[in-house]
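**Student:** Got a structure for you, written out below as structure tokens; questions coming shortly.
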Amino acid sequence: MFSQRIEGLRPSPIRSILAVIDRPGMVSFAGGLPATDALPRWSGDVEPEVLQYGPTEGEPRLRAAVAEHLRTLGVDAPADRVLILSGSQQGIDLAAKLVVDPGTPVAVESPTYLAALQVFRFYGARFVDLPASAPLTYLVPTFGNPTGACMSDTDRDEIAARVRADDTVLFEDDPYRDLVYEPGDRTPIVARMHGGSWIYQGSFSKTFAPGLRLGFLAASEDLFARLVMIKQATDLHTSRLSQHIVLDAISGPDWPDRLDRLADFYRDRRDTFDAALHRHLGDLATWETPKGGLFFWLTLDRRVDTRPLLDQAIARNVAFMPGEEFFPDGTGVGTMRLNFSHATGDDVDRGLSTLAELIREQR
Ligand SMILES: Cc1ncc(COP(=O)(O)O)c(C=O)c1O
């Protein structure tokens, strides 16, 4: 009754956890949820035409605004090579549909974004660890999910040169770029390729409002028209209402200030979380303080599988993400991803002290 590709389909662990985090008293370090206090208010009024069908590529003014942003990053993408997405998660699906057949090798970092693994797996990808070469290389080089790490300049240059030399497709996923707490060079890899085949994508979920489901991609000429056709077959076009709300926000005079304020706000949360981590898990785990993004990545000092810990943690009203889920081959035992943007105040201490207790019990 079902297609063959359904056989390998598994629920995303993160979405299953999100289902319980609204429980009263639950402290969640699990999702990548922006802080509720950081979400915008909207009381807008729109022209009726915004509720009409629209172009697959997206609203022309929003595409132009994205192209201008990409120009400042050094990415070669005029507005007619910008595609507005129904969330950047959709870009992963479109890219997979474009490149992945059953058995196609896809090169990824290990660990990497688990919902990308879920999509690539769905189309039958075979994962290989970077720096191996593959028809498609998928990367989150800037404050990546789950590690929060920012790839060095040298590594970026090296990957750009290798993908060019191999004539394969580079897919750079970049939703955390603007959540930057210690600025450093983070010029996109695709801006260093000077040609070749590439897809670059960004999102308004972390800087504005994830519920609007709005992202964008730009791609090299050889890929762009095909990606548009795949999107046509997927959802015709992205919500025009969402596009108008975002366009209003990003073209207003306050947008650069909003990004600065957001970075200040999350930098504070990161620092508070870092101090609490030292208090509760200082003798149990190691981590690097992330220079951007929304996550701390912990390596426990003993190889304790954190997956069974999750059920016990949820029973005590604390949620987190077991790190093992982010490894394409299920390795990575003894790691965990903690989101620092959502929980606040005493909840952070309560949640981390519960996790520390559970880890001690396992040891
Ligand atoms: C690396 C990465 N890519 C893509 C997404 C999807 O984001 P959205 O669909 O909300 O734009 C996320 C969400 O957390 C992410 O971490």
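**Student:** Condition first: under 16 Å from Tyr200 (Cα atoms), of a type outside the set (D, E, K, R) and either in contact with a strand residue (DSSP E or B) (Cβ under 7 Å, 6 or more places away or on another chain) or within 13 Å of the ligand (Cβ to nearest atom) (or both). Now tell me which residues in segment 160-187 satisfy that.
**Tutor:** Val163, Thr168, Val169, Leu170, Phe171, Pro175, Tyr176
**Student:** Out of everything in segment 308-332 that is over 22 Å from the mean Cα position of the chain (by Cα) and part of a loop (DSSP other than H, G, I, E, B), what residue ends up being farthest from Ala115 (Cα to Cα)?
**Tutor:** The selected residue is Arg316.
**Student:** Consider Glu172 carefully, then state whether it is open to solvent by 20 Å² or more (accessible area, probe 1.4 Å) and either within 29 Å of Pro105 (Cβ to Cβ) or of a type in the set (D, E, K, R) (or both). I'd like the intermediate steps shown before the answer.
**Tutor:** Details: open to solvent by 20 Å² or more (accessible area, probe 1.4 Å): no; either within 29 Å of Pro105 (Cβ to Cβ) or of a type in the set (D, E, K, R) (or both): yes.
Criteria not met by Glu172.
**Student:** Could you tell me which numbered condition Ala191 fails, if it satisfies all but one of (1) modelled with pLDDT of 95 or more; (2) touching a helix residue (DSSP H, G or I) at 6+ places or on another chain (Cβ under 7 Å); (3) assigned to a loop (DSSP other than H, G, I, E, B); (4) away from the ligand (no atom under 12 Å from the Cβ)?
**Tutor:** (3)
**Student:** Okay, moving on. Looking at segment 166-184, I want the residues that are farther than 19 Å from Thr154 by Cβ and have a partner that is open to solvent by 50 Å² or more (accessible area, probe 1.4 Å) and among the polar types (S, T, N, Q) with Cβ atoms under 8 Å, at least 6 apart or on another chain. Which pairs are those?
**Tutor:** Thr168/Ser133
**Student:** Okay, next question. Only one of these is of a type in the set (S, T, N, Q), within 19 Å of the chain's Cα centre (by Cα) and at pLDDT 95 or above: Thr289, Thr354, Thr299, Thr272. Name it.
**Tutor:** Of the residues listed, the single one that is of a type in the set (S, T, N, Q), within 19 Å of the chain's Cα centre (by Cα) and at pLDDT 95 or above is Thr289.
**Student:** For Gly44, are the conditions met, namely being modelled with pLDDT under 95 and either part of a strand (DSSP E or B) or open to solvent by 30 Å² or more (accessible area, probe 1.4 Å) (or both)?
**Tutor:** yes
**Student:** Now for a different question. Could you list all residues from segment 199-251 that are surrounded by 18 or more Cβ atoms within 10 Å (Cβ to Cβ), in a loop (DSSP other than H, G, I, E, B) and of a type in the set (A, V, I, L, M, F, W, C)?
**Tutor:** Result: Phe204, Phe208, Ala209, Leu214.
**Student:** Working carefully through the options Gly54, Gly87, find the one that is touching a residue at least 60 places away in the same chain (Cβ under 8 Å) and touching a strand residue (DSSP E or B) at 6+ places or on another chain (Cβ under 9 Å).
**Tutor:** Step by step, each of Gly54, Gly87 is checked, and only Gly87 is touching a residue at least 60 places away in the same chain (Cβ under 8 Å) and touching a strand residue (DSSP E or B) at 6+ places or on another chain (Cβ under 9 Å).
**Student:** Something else about it: Residues of segment 47-66 being open to solvent by less than 10 Å² (accessible area, probe 1.4 Å) and away from the ligand (no atom under 16 Å from the Cβ), which ones?
**Tutor:** Hit for segment 47-66 is Val50, nothing else.
**Student:** Tell me, yes or no, whether segment 198-211 has at least one residue that is away from the ligand (no atom under 12 Å from the Cβ), without any contact (Cβ under 8 Å) to a residue 40 or more places away in the chain and in the same structural domain as Val99 (by TED's automatic domain parsing).
**Tutor:** Yes, because at least one residue in segment 198-211 is away from the ligand (no atom under 12 Å from the Cβ), without any contact (Cβ under 8 Å) to a residue 40 or more places away in the chain and in the same structural domain as Val99 (by TED's automatic domain parsing).
**Student:** Taking the residues in segment 119-151 that are over 26 Å from Met321 (Cα atoms) and modelled with pLDDT of 95 or more as candidates, determine which candidate is nearest to the ligand (Cβ to nearest atom).
**Tutor:** Out of the qualifying residues, it is Leu136.
**Student:** Could you please find all residues in segment 90-120 being polar (S, T, N, Q), touching a residue at least 40 places away in the same chain (Cβ under 8 Å) and not in a helix (DSSP H, G or I)?
**Tutor:** Hits for segment 90-120 are Ser110, Thr112.
**Student:** Keeping to segment 152-169, report how many residues are at negative phi, part of a loop (DSSP other than H, G, I, E, B) and surrounded by fewer than 19 Cβ atoms within 10 Å (Cβ to Cβ).
**Tutor:** Residues that pass the stated criteria total 1.
**Student:** Okay, moving on. Mind listing whichever residues of segment 104-118 are open to solvent by 40 Å² or more (accessible area, probe 1.4 Å) and more than 9 Å from the ligand (Cβ to nearest atom)?
**Tutor:** Hits for segment 104-118 are Glu109, Ser110, Gln118.
**Student:** Further question on the same structure: Spot the failing condition for Trp297; the list is (1) farther than 24 Å from Phe120 by Cβ; (2) assigned to a strand (DSSP E or B); (3) of a type in the set (Phe, Trp, Tyr), and only one is missed.
**Tutor:** Tallying (1) farther than 24 Å from Phe120 by Cβ; (2) assigned to a strand (DSSP E or B); (3) of a type in the set (Phe, Trp, Tyr), Trp297 fails exactly one: (1).
**Student:** Next question. Among the numbered conditions (1) away from the ligand (no atom under 16 Å from the Cβ); (2) over 19 Å from the mean Cα position of the chain (by Cα); (3) not in a helix (DSSP H, G or I), tell me where Pro11 comes up short.
**Tutor:** (2)
**Student:** A further question follows. Which one of Asp305, Asp271 is outside the structural domain of Asp76 (by TED's automatic domain parsing), closer than 30 Å to Leu358 by Cα and not in a loop (DSSP other than H, G, I, E, B)?
**Tutor:** That would be Asp271, the only listed residue that is outside the structural domain of Asp76 (by TED's automatic domain parsing), closer than 30 Å to Leu358 by Cα and not in a loop (DSSP other than H, G, I, E, B).
The values are calculated or read from the model by the stated rules, or taken from the named source; none is laboratory data. Being a predicted model, the structure only gives us computed values, none of them experimental. For neighbour counting, all protein chains shown are included, and Cβ atoms are generated from backbone atoms with ideal geometry for every residue, glycine included. The area values use the complete protein model at the heavy-atom level, side chains included, leaving out ligands, DNA and RNA. Shrake-Rupley method; radii C 1.70, N 1.55, O 1.52, S 1.80 Å.
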